[in-house]
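The values are calculated or read from the model by the stated rules, or taken from the named source; none is laboratory data. Owing to the predicted nature of the structure, the values given are computational and were not obtained by experimental measurement. With ideal geometry, Cβ positions are generated from the backbone for all residues, glycine too; neighbour counts draw on all protein chains shown.
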Amino acid sequence: MLVVSRNWRHLLIIALSLLANLSIAVIFYNILRIEIHLYSLAGITVALGMIIDNTIVMADHIKHNKNRKAFLAVLAATLTTMGAMVVIFFLKEEQRLNLEDFALVLIINLMVSLAVALFLVPALLHRLPLKLVRGKLFVRRKRRVVKVSRAYERFLLFGLRHKAWFLVFMVWLFGLPIFFLPDNLKVEEEHTVVWARELYNKTLGNSTYVSKVKPWVNKVLGGSWHWFTNYNPSSKRSGDRSRTLLYARGSMPDGSNIQQLNEVFLDLENFLAGFPEVASFVTTIYNIDNSELEISFLPEEEFRVFPHLLKNELIRKANQIGSADFRIYGVGQGFSNVAYGEHFNNTIELRGYNYDLLLAEASIFKDSLLVHPRVQEVVIETGNSWRGKPRYGFVMGLDTDRMEEVNGSLSSVYQELLFQSPSDTRAADIWGEEGVTPVYVREVSAGQTSVWDMHNNMLMGGGKGFRLKDVGFIKRERTGNRIQKENQEYILMVSYDFLGAWGLNSIVRDRHLKQLNERLPVGFKAVDAKAGYWNPGEKTQYWLLLLVVGVVFLLCAVLFESLLQPLAVIATIPVAMIGLFVTFAAFKLSFDQGGYAAMILLCGLTVNASLYIINDYNNLRKVRGRSAVSLLIKAFNHKIIPILLTTISTILGLLPFLLAGFKEGFWFSLAAGAIGGLIFSLFAVVLWLPLLLLGAAHHKKPRRL
């Protein structure tokens, strides 16, 4: 603001208005007991740009027109943004819980900003008036405005003559949803007419068309929408990519202890100490399953060949250590000598209130999966973690017939086996100045009993000796490490590997999921665990965006008293979405809740600039004897500077989260999507909106706001 206006009073008015907004908003946070966390902070951050928007537009209008007639345009723009937030409350519970505070914080700030724009900003301008400077610089600027306006007028006249071509171009740029058409219509789909199904399968469902022609048709006609729905997001979501770092993650088998793992890493640290090119190394050990060695290099060595050489040396060292498994990555291709294959490409999460019934259903589901020839190794697990590994336990089984032959029983075998692996015994308590200290007695051979000893040591039962191997067995089996329960629901994971293309994998998984949910009793459900709570492939959340469009249309129709001008406003939203699509697809960014929040924001923010121009345009239409083109250009000249300032201020408010990198998750995707959409929204306001608006100029003249 200071760079553009070169006026300290202007900057002071903006700063005081912003301070008042935030101070009053904090009072409402406290009254409504809104917690400040990741998502509410994001709402505050985004709200800062919108608060400044309302202040800039109101101050600029009062400065030039000496009235508050711009307030209704500010009101319309703010209400449409608040209306866009309503869609969040219609999301599924697990999605709504994350974004609910984001929406509430945004709505509170916007409501407060309306009061500040109506009452505080005019009062500040009365006490700190902004004078219009008229000098040589003012005259030169007016001349430039006249030249630009004439060129802009020629463009609009050209666009009006070729409006159909502009319409086709914008529709093509956004994309036609023909890529959603199925490859063929199956016979089971009884809702389709027989002749229509046969015609579709012979034309758009023809095997030659589907395999050779359809991919090209989808790319050519699908536009940015097809590009967005088919890109592969980047996995660079964590880590500081500004420096070259090498990581070695280690784990040890069950039964090991943290001291043994520490000795392994001490050996690695002594090995690294012999390389002067290494700047530092830090070892972090949480437990035997989760430990990490982070290695950094001297600045002059970071982008040379040494990090790759050291990685190869670490791989050689890891292969020599037989007691621990390692994953080494950071430069080049990652290495792992982990023997267990715990990472399955499919995981189905089952939830229910009865654990036994849930386990039975999981077993039935496991058997149904194994029937498919492409499904490999189905495992029922009690948890799922990216750094976890399969757990194993020793299971004992007894033959009742043989137990009767030796006059033994389950309790007698259990008591005899306790002596094979004796536990600590609390023998006494010692009283001291600091309280009681318990004394435990431990046998020298404790913890050293082997499975062979269990099988072959003599046991006594009913006066007759026997060995466990004669009446039963002890064997090592994979098992869960806990019974998991969340929100009064037990949780089981059915994990499996599918051999084949990802598309075919999705079809098979969705089909089995549908069959399983149809069979499960009330109170039980199954979901795709790898998709998580936020599933980009789910369609419901995107259809809810139509609710946002409906709210925007309704508000604009009431305020403009027109049905045509709201359509012109709504037509700018797809242009902003093109910017979001291109941003995520071109840079291969991961689309999550932050991206969806950016979609909702753009539905509200994009229309704001359109509302300011239409409001001035409607007010100027009362002037007789001027063409619609000249009136629109005048309205455009009045509001283009505030529009540019508000858009740039919003982008600058989001820029720090974009610069923070992929590791910021929600913040990064929110900033990237909103910034890309806002940049394209300027093209919508400058090039697209005037053509649509002028096309409706000869219809009923709406009342001014």
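Scanning region 550-578 for residues that are part of a helix (DSSP H, G or I) and either surrounded by fewer than 17 Cβ atoms within 10 Å (Cβ to Cβ) or of a type in the set (Ser, Thr, Tyr) (or both) yields Gly550, Leu554, Val558, Leu567. In the set (1) out of contact with any His (no Cβ under 8 Å at 6 or more places or on another chain); (2) more than 30 Å from Val558 (Cα to Cα); (3) of a type outside the set (Val, Ile, Thr), the condition left unmet by Met1 is number (1).
Residue-by-condition table, conditions (1) assigned to a loop (DSSP other than H, G, I, E, B); (2) crowded, with 17+ Cβ neighbours inside 10 Å; (3) under 29 Å from the mean Cα position of the chain (by Cα); (4) at pLDDT below 85:
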site	(1), (2), (3), (4)
Asp470	no, no, no, yes
Phe473	no, no, no, yes
Glu477	no, no, no, yes
Ile491	no, yes, yes, no
Ser495	no, yes, yes, no
Arg509	no, yes, yes, no
Val522	yes, no, no, no
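Going by the conditions given, is Lys639 part of a loop (DSSP other than H, G, I, E, B) and touching a residue at least 40 places away in the same chain (Cβ under 8 Å)? Spelling it out, it is not the case that Lys639 is part of a loop (DSSP other than H, G, I, E, B) and touching a residue at least 40 places away in the same chain (Cβ under 8 Å). Those helices (runs of 4 or more DSSP H) of region 65-128 in which 2 or more residues are loosely packed, with under 15 Cβ neighbours inside 10 Å and among the hydrophobic types (A, V, I, L, M, F, W, C) occupy 93-115.
Pairing each residue of region 70-86 that is over 12 Å from Ile600 (Cβ atoms) with any residue that is of a type in the set (Val, Ile, Thr) and surrounded by fewer than 24 Cβ atoms within 10 Å (Cβ to Cβ), provided the two are 6+ apart or on different chains, yields C-beta distances under 8 Å for Ala70/Ile62.
Yes/no matrix, rows are residues, columns are (1) over 30 Å from Asp528 (Cβ atoms); (2) free of Cβ contacts under 8 Å to residues at least 12 places away in the same chain; (3) within 35 Å of the chain's Cα centre (by Cα):
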site	(1), (2), (3)
Val278	yes, no, no
Glu302	yes, no, yes
Gln320	yes, yes, no
Tyr329	no, no, yes
Leu350	no, no, yes
Ser363	no, no, yes
Lys366	no, no, yes
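Close Cβ contacts (under 7 Å, 6 or more residues apart or on different chains) running from residues in region 159-174 that are surrounded by 14 or more Cβ atoms within 10 Å (Cβ to Cβ) to residues that are assigned to a helix (DSSP H, G or I) and hydroxyl-bearing (Ser, Thr, Tyr) comprise Leu173/Ser224; Phe174/Ser224. Here Asn30 does not fit the description of being modelled with pLDDT under 95, among the polar types (S, T, N, Q) and within 20 Å of Ser649 (Cβ to Cβ). The residue that is farthest from the chain's Cα centre (by Cα), among those in region 5-19 that are farther than 14 Å from Leu130 by Cα and in contact (Cβ under 8 Å) with a residue 24 or more places away in the chain, is Leu16. Out of all the residues in region 558-568, is one or more in contact (Cβ under 8 Å) with a residue 40 or more places away in the chain and over 21 Å from Ala73 (Cβ atoms)? Looking for residues that are in contact (Cβ under 8 Å) with a residue 40 or more places away in the chain and over 21 Å from Ala73 (Cβ atoms), one finds none in region 558-568, hence no.
Within region 585-595, the set of residues being farther than 11 Å from Phe668 by Cα and either modelled with pLDDT of 85 or more or among the β-branched types (Val, Ile, Thr) (or both) comprises Ala585, Ala586, Phe587. Can you spot a residue in region 44-57 that is more than 25 Å from Asn615 (Cβ to Cβ) and either in contact (Cβ under 8 Å) with a residue 60 or more places away in the chain or assigned to a helix (DSSP H, G or I) (or both)? The answer is yes; a qualifying residue exists.
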